[in-house]
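Some notes on the structure that comes next.
Coordinate-derived values only; no laboratory data. All figures in this text were calculated on a predicted structure; none of them were measured in a lab. Heads up, the Cβs are rebuilt from the backbone with ideal geometry, glycines too, and the neighbour counts pull from every protein chain shown.
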């Protein structure tokens with residue numbers, strides 16, 4: 001008669017339980033680490049958002065001569081870099097990431113409107129690009145377009161590039177999309193001087209669309225010096 005080795009089965013059961021417990025422990029640690037990472041980014045950006053809010057208020061009270069002295073553009077670039085890191089390294093469906101994207105999008109729109117006000121009141125003609133992209137796998141060239149715009153900003157720091165997730169659930173963003181009649185079926189989309197451009201646009205294409213862009217690069221270089 002075959003004798004059941006209960007000790008052997010108990011040992012196997014104990015090992016299996018230990019492996020399962022370890023897997024749960026590691027998973028929880030990774031999840032907690034990810035959440036901690038999100039919160040750290042959120043805390044850092046909260047300070048940046050407050051700083052940007054104060055900058056907006058100060059600019060609203062400034063004269064036309066003070067234009068160009070603000071570091072707001074750099075602050076928005078820093079916010080964008082943090083958000084880009086979060087999107088690439090953390091699940092973009094996380095509530096915290098959506099919160100960051102919505103706040104960043106609203107501040108971009110405020111900066112865009114501020115430049116429009118300068119255009120009306122000071123005769124300042126802003127060089128700005130509205131960039132609409134998608135992270136839902138329905139935009140083959142969005143990543144390529146984003147890289148081109150990053151390189152463009154390095155060449156022409158005076159050009160403001162405002163990036164928006166087309167599918168972000170934000171009423172103000174939907175209004176911006178409606179105003180410029182952006183077709184979400186043709187992403188990536190750039191709006192330059194109120195004119196939409198669909199599909200991938202090279203740096204050369206964009207340069208040809210912005211009149212006097214060469215002088216922006218020269219001015220930016222002199223200011224940096």
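For 204, 151, the sequence from fewest to most other C-beta atoms within 10 Å is 204, 151.
Taking R0 as 22 Å, what FRET efficiency do you get between residue 117 and residue 171 from their Cβ-Cβ distance, rounded to the nearest 0.05?
On the way: r = 21 Å, r/R0 = 0.97.
The computed FRET efficiency comes out at 0.55.
Relative contact order for the stretch 139-225: 38 percent, from Cα pairs under 8 Å spaced at least 6 residues apart, divided by residue count.
Per-residue Cβ neighbour counts within 10 Å put 187, 113, 216 in the sequence 113, 216, 187, beginning with the fewest. From least to most packed, judged by other beta carbons within 10 angstrom and beginning with the fewest, 111, 183 follow the order 183, 111.
Apply the a/c threshold of 1.5 to the C-alpha gyration tensor of the stretch 127-225 and tell me whether it is rounded, prolate or oblate. The shape class here is prolate.
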